[in-house]
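Chemist: Starting off with a structure, shown below.
Rule-based calculations on the coordinates, nothing more; no lab input. Just so you know, these numbers come straight off a predicted model, no measurement behind them. With ideal geometry, Cβ positions are generated from the backbone for all residues, glycine too; neighbour counts draw on all protein chains shown.
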Amino acid sequence: MARVNILRQIKTESGWQNKPLERDQRGRPRWPSNTRFLIAWRESGRRLREAAGVTAAEALEAQKRKRLELEAKDTGLKVTDPEEESRLPLDATIQAFLKDIQTFRKGRI
């Protein structure tokens, strides 16, 4: 299972630092307000980080998505962004538009 950690970004006298979330006595994370969250994971031995939002819900959603993406890569599935797949090249889009215009518009008088 892929490990994706949530970090919080805090400003100190020496600059910005990434710190893990503080935990209560039961081991549950305390979610601070007014802070920026990051997710951190490892790929090919390198530690990578990415912004995860400013609320706890955004951070948890980013963690879940990244974990699913990493697990899919481990199983050999091809991971693609659905928005990129739906995009057509500019030439094809223009040709489709002109074809629709010619089909559905009345001729000029």
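Chemist: As an exercise, identify the trypsin sites (Lys or Arg not before Pro) in the range 1-77 lying in DSSP coil whose Cβ has no more than 14 other Cβ atoms within 10 Å.
Modeler: Hits after loop and neighbour filter: ARG3, ARG26, ARG30.
Chemist: Springs between alpha-carbon pairs under 10 angstrom, Gaussian network model over the chain: which of PRO32, PRO89, PRO20 fluctuates most?
Modeler: PRO89
Chemist: Still on this structure, please answer the following. Would you please name the GluC sites (Glu not before Pro) within the range 1-80 that are DSSP coil residues with at most 16 other C-beta atoms within 10 Å of their C-beta?
Modeler: The qualifying sites are GLU13, GLU22.
Chemist: Could you give the dipole magnitude of the range 5-79 about its Cα centre, charging the beta-carbon of Lys and Arg +1 and that of Asp and Glu -1, in debye to the nearest 20?
Modeler: 120
Chemist: Need one number: nm distance between label points at ASP91 and THR35, each 7 Å from Cα along Cα→Cβ, rounded to one decimal.
Modeler: With each label placed 7 Å out from Cα toward Cβ, I get 5.2 nm.
Chemist: Turning to a different aspect of this structure: Expressed in nm to one decimal, what extension gain is obtained for the pair ASP100 and GLN25 from 0.36 nm per residue of sequence separation less their Cα-Cα distance?
Modeler: 20.6 nm
Chemist: Please give the contour-minus-distance gain from ARG3 to GLU43: 0.36 nm per residue of separation, less the Cα-Cα distance, rounded to one decimal in nm.
Modeler: Full extension of this stretch gives 13.4 nm more.
Chemist: GLU50 to ALA72: extension gain in nm, 0.36 nm per residue of separation minus the Cα-Cα distance?
Modeler: Working: separation 22, 0.36 × 22 = 7.92 nm, distance 1.85 nm.
Extending this stretch completely gives an extra 6.1 nm.
Chemist: Between LEU38 and residues 5 or more places away or on another chain, which pairs have amide H atoms under 5 Å apart, with H built 1.01 Å from N, and which residues are they?
Modeler: Under 5 Å from the amide H of LEU38: LEU7, ARG8, GLN9, ALA52.
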